[in-house]
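**Student:** Quick one: the structure is below, and I'll ask about it shortly.
Throughout, read-outs are computed from the coordinates displayed, never taken from laboratory work. No experiment lies behind these values; they were computed from the predicted model shown. Cβ placement follows ideal geometry from the backbone for every residue including glycine, while neighbour counts extend to all protein chains displayed.
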Amino acid sequence: MEIPIFIVDAFADSPFKGNPAAVCLLKHELCDELYQKIAAEMNLSETVFISTIKPLEDFTKGSRFRLRWFTPSTEVNLCGHATLASAAVLFKHKKNLNSTVVFETRSGDLSVVQQGEDLVMDFPLNVPTKQAAAHFKDLTEAAVGDHPVQDVYLCSNTKKLLVRLADTCDRSVLTSLQVSPDVLLRSEKSGLVKGLIVTTKGSPDCQPAYDFYSRYFAPWNGIPEDPVTGSAHTVLGSYWSKELGKKKMLALQCSRRGGELQLEVRDDRRINIAGKSVTVLRGTITL
């Protein structure tokens with residue numbers, strides 16, 4: 001069996017930035033064990049598998065596809081950067097003839113459309129709820145130390161905890177955090193959290209004028225720090241839209257690789273997440 005594979009840097013406008021995802025194109029479904037083995041072999045934050053739905057359709061003519069996301073250790077319910085990477089492969093490399101492609105996933109139907117150089121994803125908006133900071137004191141301190149915290153929010157359906165640093169903390173504070181995945185794992189035993197977002201307000205004086213910054217850590221899913229995380233921005237978009245009173249926002253995830261996301265919160269409890277992509281490798285898995 002031969003499986004075409006692409007490695008795509010998502011939310012990037014040049015190679016070796018953004019978040020790399022491995023995209024596998026399947027003629028037939030595989031067993032779950034094999035999906036997981038391939039993802040472990042790729043050892044990226046996400047490996048995504050796309051398969052056709054109708055027997056007579058292929059990756060060029062089809063408009064709907066099945067899609068599954070795997071980290072090196074587990075299958076996940078939603079991944080933004082690997083979805084963007086999947087659409088990039090279909091549009092750029094398979095020359096898909098449709099203006100929009102739709103992926104059938106664990107999170108329902110997710111559509112992606114081309115707008116110039118950008119790919120725009122239609123994702124669910126995940127609304128977090130405010131928490132008493134004391135409930136997550138150990139986990140928060142493990143992430144941000146003694147830096148002041150303004151808000152703690154939890155999105156229960158995604159199990160993502162959002163920690164907002166006080167506005168006295170600028171971008172440099174966020175980028176300088178040294179977060180140990182082992183300490184995070186020891187600090188959270190309740191099972192309520194599977195991903196930790198640390199965020200701070202943007203500075204209007206900087207160019208480009210980002211509305212907010214973030215970093216994302218998910219050692220519970222085998223990802224010490226994710227470079228750029230679309231699914232985290234379904235939570236961040238909801239939170240910052242209310243805080244800033246804005247529907248359209250420009251965000252920067254401040255990992256070492258870094259990545260820029262354009263967000264638009266909609267009135268139908270959905271969010272548009274847009275970004276660019278660069279393909280850095282293409283080849284074949286032989287089984």
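**Student:** How high is the FRET efficiency from SER14 to ALA209, r the C-beta distance, R0 22 Å, rounded to 0.05?
**Tutor:** With R0 = 22 Å, the Cβ-Cβ based efficiency is 0.55.
**Student:** Next question, about the same structure. In deg cm²/dmol and to the nearest 500, what is the mean residue ellipticity at 222 nm of the chain if only DSSP H runs of at least 4 residues count, each as -39500 (n - 2.57), divided by the residue total? Write down the numbers at each step before the final one.
**Tutor:** Working: 6 runs with 56 residues, N = 287.
That comes out to -5500 deg cm²/dmol.
**Student:** Do any GluC sites (Glu not before Pro) in the stretch 1-101 lie in a DSSP loop with no more than 13 other beta carbon atoms within 10 Å, and if so, which?
**Tutor:** When the GluC sites (Glu not before Pro) of the stretch 1-101 are filtered for loop state and at most 13 Cβ neighbours within 10 Å, GLU29, GLU57 remain.
**Student:** Which semi-axes, in whole Å and largest first, does the equivalent ellipsoid of the chain have when worked out from the alpha carbon gyration tensor as the square roots of 5 times its eigenvalues?
**Tutor:** Values for the chain, descending: 32, 21, 17 Å.
**Student:** Now a separate question. Fewest first, what order do CYS169, CYS155, CYS206 take by the number of other Cβ atoms within 10 Å?
**Tutor:** Placing the least packed residue first, the sequence is CYS206, CYS169, CYS155.
**Student:** Could you tell me the relative contact order of the chain? Use alpha-carbon pairs under 8 Å, at least six residues apart, and round to a whole percent.
**Tutor:** Working: 682 pairs, mean separation 64.3, N = 287.
22 percent.
**Student:** So, one more: If you look at just the Cα atoms of the stretch 34-190, how large are its Rg and its Dmax in Å?
**Tutor:** Rg and Dmax of the stretch 34-190, Cα atoms, are 19.3, 59 Å.
**Student:** Please list, by residue number, every one of the trypsin sites (Lys or Arg not before Pro) in the stretch 24-109 that is coil in DSSP and has at most 10 other beta-carbon atoms within 10 Å. Before the final figure, lay out each step's value.
**Tutor:** Details: sites: LYS27, LYS37, LYS61, ARG64, ARG66, ARG68, LYS92, LYS94, LYS95, ARG106; in loops: LYS27, LYS61, LYS94, LYS95, ARG106.
When the trypsin sites (Lys or Arg not before Pro) of the stretch 24-109 are filtered for loop state and at most 10 Cβ neighbours within 10 Å, LYS95 remain.
**Student:** What translational diffusion coefficient, in µm²/s and rounded to a whole number, does the Stokes-Einstein relation yield for the stretch 129-265 at 37 °C and a viscosity of 0.692 mPa s, taking the hydrodynamic radius as the Kirkwood radius over Cα pairs? Don't skip to the end; give the middle numbers.
**Tutor:** Values: Rh = 14.8 Å.
The diffusion coefficient I find is 222 µm²/s.
**Student:** Among ASP182, ASP138, which comes first, second and so on when ranked by fewest other beta-carbon atoms within 10 Å?
**Tutor:** Lowest count first: ASP182, ASP138.
**Student:** If I take R0 = 45 Å and measure r between the Cβ atoms of ASP167 and GLU104 in this structure, what FRET efficiency does the formula 1/(1 + (r/R0)^6) give, to the nearest 0.05?
**Tutor:** E between ASP167 and GLU104, to the nearest 0.05, is 0.60.
**Student:** Trypsin sites (Lys or Arg not before Pro), restricted to the stretch 127-213: which are DSSP loop and have at most 13 other Cβ atoms within 10 Å?
**Tutor:** Sites meeting the loop and neighbour criteria: LYS189.
**Student:** Moving to a separate point now. For GLU141 and LEU97 in one chain, what is 0.36 nm times their gap in residues minus the Cα-Cα distance, to one decimal in nm?
**Tutor:** This chain segment gains 10.8 nm when fully extended.
**Student:** Next question, about the same structure. Quote to one decimal, in nm, the extra length available between ASN43 and THR175 on full extension: 0.36 nm per residue of separation minus the C-alpha distance between them.
**Tutor:** Taking ASN43 through THR175 to full extension adds about 45.1 nm, to one decimal.
**Student:** Can you give the % of DSSP beta bridges in the stretch 129-265 that are antiparallel, to the nearest 5?
**Tutor:** Beta bridges within the stretch 129-265, antiparallel portion: roughly 75 percent.
**Student:** Gain in length, ASP118 to ALA134, computed as 0.36 nm per residue apart minus the alpha-carbon separation, to one decimal in nm? All intermediate terms of the calculation are to be shown ahead of the outcome.
**Tutor:** Numbers: separation 16, 0.36 × 16 = 5.76 nm, distance 4.10 nm.
Gain on stretching ASP118 to ALA134: 1.7 nm.
**Student:** Relative to the Cα centre, what is the charge dipole magnitude of the stretch 80-140, using +1 at the beta carbon of each Lys and Arg, -1 at the beta carbon of each Asp and Glu, and rounding to the nearest 20 debye?
**Tutor:** Details: 6 positive and 6 negative charges, 24 e Å.
So the magnitude is around 120 debye.
**Student:** Please report the Cα spread of the stretch 97-185 along all three principal axes, rounded to whole Å, starting with the longest.
**Tutor:** Principal-axis extents of the Cα atoms in the stretch 97-185, largest first: 53, 28, 26 Å.
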